[in-house]
Amino acid sequence: MVPLPRVIDGHCHLASSRCIPHGFFLGVAQNIARKMPRHAPPPDLDKLTRMLISQYEDHDADKLVAKMDEASIERTVLLAPDFSHVFDAQYSYEDVARQHAAVRARHPGRFHVFLGVDPRWGRQGCDYFEKAVDEYGFEGLKIYPPCGYSPSDAVLFPLYEICAAKGLPVLLHTGPTTPTLQFDTAAPSLIDGAARRFPAVNFILAHGGVNFVEQAKLMCNYRPNVYLDISGFPAVMAPGGWRAHLADLFAQGINHKIIFGSDWPVFSMKDDLKAMTAGLLEEGGPLARLPRPAVEAILAGTIESLLPARAQHPVSTAKAARHETNAREIASNEC
Amino acid sequence: MTTIQDNAAELPALIGLVQQVAYDLPAGYAISAGSRFVEDLGLESVNRLMLMTLVEQEFGVSLEQHMPALIELQTVGDTARFIGSLRAGR
């Protein structure tokens with residue numbers, strides 16, 4: 001019997017309402033309210049917002065770890081975007097960092113953290129990001145361009161310089177989000193300037209396999225240091241549904257650039273983590289027809305290779321060399 | 001296995017609400033107690049939240065404190081029974 005491939009979730013969030021401002025949830029609730037049946041009484045927006053927030057009470061990640069275990073997910077990258085520059089936030093980016101560090105300490109070996117710091121916090125924010133990386137061992141930078149900046153804006157360069165020096169990847173949100181934020185700074189092609197200027201930094205287009213996919217896959221194909229993740233796939237706007245959409249994406253010759261991500265807890269009311277991984281791997285599922293090395297790379301290998309060396313959980317030199325060989329095989333064997 | 005006797009009195013009205021939010025329901029599909037929200041009805045998270053809002057309006061119950069339990073319910077029948085227990089004050 002062929003063992004199941006290892007899974008590292010490359011895009012996940014701590015379901016903690018302390019880390020996400022009320023204004024973010026309010027925007028999501030506004031969109032839900034617009035979708036309500038026309039003859040139904042208008043929903044109470046505050047109540048709807050509270051119902052959304054009530055799904056974000058897993059502050060210590062105990063529930064998440066249980067769900068990861070059910071789904072045989074070995075490790076998870078927690079993304080901690082900084083919304084504190086654009087929303088009134090309960091937690092500052094320092095508080096968010098401390099909470100994520102506490103989660104890592106509570107569940108050793110299960111989480112990596114990509115911390116967000118809005119670049120407009122300037123030198124102070126930049127210094128804190130570096131301190132958090134050094135003190136907590138965080139493994140990447142999360143940026144959220146819908147907060148109102150291009151991912152190639154010079155204001156981000158000091159943060160990218162830290163990432164270049166420390167071998168950290170940068171993950172950036174692409175595509176629409178809560179309607180209270182800006183969408184025109186969320187196109188994948190906007191990373192081009194930064195990707196050229198910082199060739200030693202690897203950039204991951206979050207939701208790139210779901211939003212603006214044509215742009216995202218071209219960036220991945222032609223920029224060596226640009227990758228995409230498939231987080232958000234259960235809700236992809238594609239006529240054939242997510243299975244057909246991903247099967248098409250996996251046939252484009254860029255599987256060595258594609259990373260699995262669940263975007264938990266965003267889809268926790270639709271598919272839990274086990275349903276997501278099972279749906280990808282099941283007979284007839286989008287991963288079922290791919291060569292084993294490609295499956296392993298999408299589900300774990302590629303995100304693992306982008307983490308700083310200290311975080312790649314005992315990877316020997318020989319193993320690392322094998323991974324490089326696998327990556328080359330995938331590139332040459334893809335359908 | 002779900003039986004007629006298992007079904008809560010809330011089931012018929014709940015099925016009516018589910019029909020309002022299940023936009024991608026296959027033609028001719030009859031929603032029953034055993035219908036699963038994701039696999040059979042194709043409900044997204046958004047649709048399930050809409051459903052809960054409608055349930056509150058229809059049955060006069062508050063679901064805010066019960067969201068973690070509601071998320072784990074897989075079928076229409078399970079949800080009808082849950083609502084029944086809330087209404088009965090259990």
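Among the residues of the range A:290-312, write down those that are polar (S, T, N, Q) and either in a helix (DSSP H, G or I) or under 15 Å from the mean Cα position of the chain (by Cα) (or both).
Within the range A:290-312, A:302, A:305 meet the criteria.
Can you find, within the range A:257-272, the residue that is nearest to residue A:224 (Cα to Cα) among those that are touching a Cys at 6+ places or on another chain (Cβ under 9 Å) and touching a residue at least 60 places away in the same chain (Cβ under 8 Å)?
For the range A:257-272, the residue satisfying everything is A:261.
Return a yes/no flag: does the range A:257-279 have any residue that is more than 16 Å from the chain's Cα centre (by Cα) and more than 14 Å from chain B (Cβ to nearest Cβ). Write out each step before concluding.
Of all residues in the range A:257-279, those more than 16 Å from the chain's Cα centre (by Cα) come to A:269-272, A:274-275, A:278-279.
Subsequent filtering for residues that are more than 14 Å from chain B (Cβ to nearest Cβ) retains none.
No, the range A:257-279 contains no residue that is more than 16 Å from the chain's Cα centre (by Cα) and more than 14 Å from chain B (Cβ to nearest Cβ).
Go through the range A:36-53 and give me each residue that's within 8 Å of another protein chain (Cβ to nearest Cβ) and in a helix (DSSP H, G or I).
A:47, A:48, A:50, A:51, A:52
When residues of the range A:185-213 are filtered for being in contact with a helix residue (DSSP H, G or I) (Cβ under 9 Å, 6 or more places away or on another chain) and among the charged types (D, E, K, R), how many remain?
Residues in the range A:185-213 being in contact with a helix residue (DSSP H, G or I) (Cβ under 9 Å, 6 or more places away or on another chain) and among the charged types (D, E, K, R): 2 in total.
For the range A:182-197, which positions are acidic (Asp, Glu) and not in a helix (DSSP H, G or I)?
Of everything in the range A:182-197, just one residue is acidic (Asp, Glu) and not in a helix (DSSP H, G or I), namely A:184.
Just one of A:286, A:308, A:265, A:293 is more than 23 Å from residue A:71 (Cα to Cα) and modelled with pLDDT of 90 or more; which is it?
The unique qualifying residue is A:308.
Out of (1) free of Cβ contacts under 8 Å to residues at least 60 places away in the same chain; (2) under 23 Å from residue A:125 (Cβ atoms), what's the single condition that is false for residue A:233?
(2)
Output the residues belonging to the range A:262-278 that are crowded, with 19+ Cβ neighbours inside 10 Å and not polar (S, T, N, Q).
Filtering the range A:262-278 down to residues crowded, with 19+ Cβ neighbours inside 10 Å leaves A:262-273, A:276-277.
Scanning the range A:262-278 gives A:263, A:264, A:265, A:266, A:267, A:269, A:270, A:271, A:272, A:273, A:276.
Just one of the numbered conditions (1) touching a residue at least 24 places away in the same chain (Cβ under 8 Å); (2) of a type outside the set (D, E, K, R); (3) on the phi < 0 side of the Ramachandran plot; (4) more than 14 Å from chain B (Cβ to nearest Cβ) is not true of residue A:61; which one?
(3)
Which one is nearest to residue A:41 (Cα to Cα), of the residues in the range B:49-62 that are surrounded by 21 or more Cβ atoms within 10 Å (Cβ to Cβ) and free of Cβ contacts under 8 Å to residues at least 24 places away in the same chain?
Per the criteria, the residue is B:53.
Condition test on residue A:152, is it over 18 Å from the mean Cα position of the chain (by Cα) and not aliphatic (A, V, I, L, M)?
So residue A:152 fits the description; yes.
Of everything in the range A:203-217, what is part of a helix (DSSP H, G or I), more than 11 Å from residue A:257 (Cα to Cα) and in contact (Cβ under 8 Å) with a residue 24 or more places away in the chain? Give them in sequence order.
The answer is A:213, A:215.
Sort through A:164, A:200, A:238 and tell me the only one that's over 16 Å from the mean Cα position of the chain (by Cα) and part of a helix (DSSP H, G or I).
A:164
When residue A:280 is evaluated against the numbered criteria (1) free of Cβ contacts under 8 Å to residues at least 24 places away in the same chain; (2) assigned to a helix (DSSP H, G or I), which criterion, by number, is the only one it fails?
So the condition that residue A:280 fails would be (1).
Can you list the helices (runs of 4 or more DSSP H) found entirely within the range B:27-90 that contain at least 1 residues being more than 14 Å from chain A (Cβ to nearest Cβ)?
Per the criteria, B:76-87.
Quick check on the range A:118-128. Is at least one of its residues over 21 Å from residue A:216 (Cβ atoms), out of contact with any helix residue (DSSP H, G or I) (no Cβ under 9 Å at 6 or more places or on another chain) and among the charged types (D, E, K, R)?
Among the residues of the range A:118-128, at least one is over 21 Å from residue A:216 (Cβ atoms), out of contact with any helix residue (DSSP H, G or I) (no Cβ under 9 Å at 6 or more places or on another chain) and among the charged types (D, E, K, R), which makes the answer yes.
Go through (1) more than 28 Å from residue A:260 (Cα to Cα); (2) touching a Cys at 6+ places or on another chain (Cβ under 9 Å); (3) not hydrophobic (A, V, I, L, M, F, W, C) one by one and return the number of the condition residue A:46 breaks.
Here residue A:46 meets the rest and fails (2).
Given the criterion closer than 25 Å to residue A:33 by Cβ and modelled with pLDDT under 95, identify the matching residue among B:69, B:80, B:88.
Sole residue among the options that is closer than 25 Å to residue A:33 by Cβ and modelled with pLDDT under 95: B:69.
Please specify each residue of the range A:223-251 satisfying the condition of being away from every other protein chain (no Cβ under 14 Å) and either aliphatic (A, V, I, L, M) or more than 20 Å from residue A:281 (Cβ to Cβ) (or both).
Answer for the range A:223-251, where residues must be away from every other protein chain (no Cβ under 14 Å) and either aliphatic (A, V, I, L, M) or more than 20 Å from residue A:281 (Cβ to Cβ) (or both): A:223, A:224, A:225, A:226, A:227, A:228, A:230, A:244, A:246, A:247, A:249, A:251.
Which of the numbered conditions does residue A:165 fail, given that it passes all the others? Conditions: (1) touching a residue at least 12 places away in the same chain (Cβ under 8 Å); (2) over 12 Å from residue A:145 (Cβ atoms).
Unmet for residue A:165, out of (1) touching a residue at least 12 places away in the same chain (Cβ under 8 Å); (2) over 12 Å from residue A:145 (Cβ atoms): (1).
Does residue A:70 satisfy the condition of being facing chain B (nearest Cβ under 8 Å) and at pLDDT 85 or above?
For residue A:70, the condition - facing chain B (nearest Cβ under 8 Å) and at pLDDT 85 or above - is not met.
The values are calculated or read from the model by the stated rules, or taken from the named source; none is laboratory data. Computed from a predicted model, the values in this text were never measured in an experiment. For neighbour counting, all protein chains shown are included, and Cβ atoms are generated from backbone atoms with ideal geometry for every residue, glycine included.
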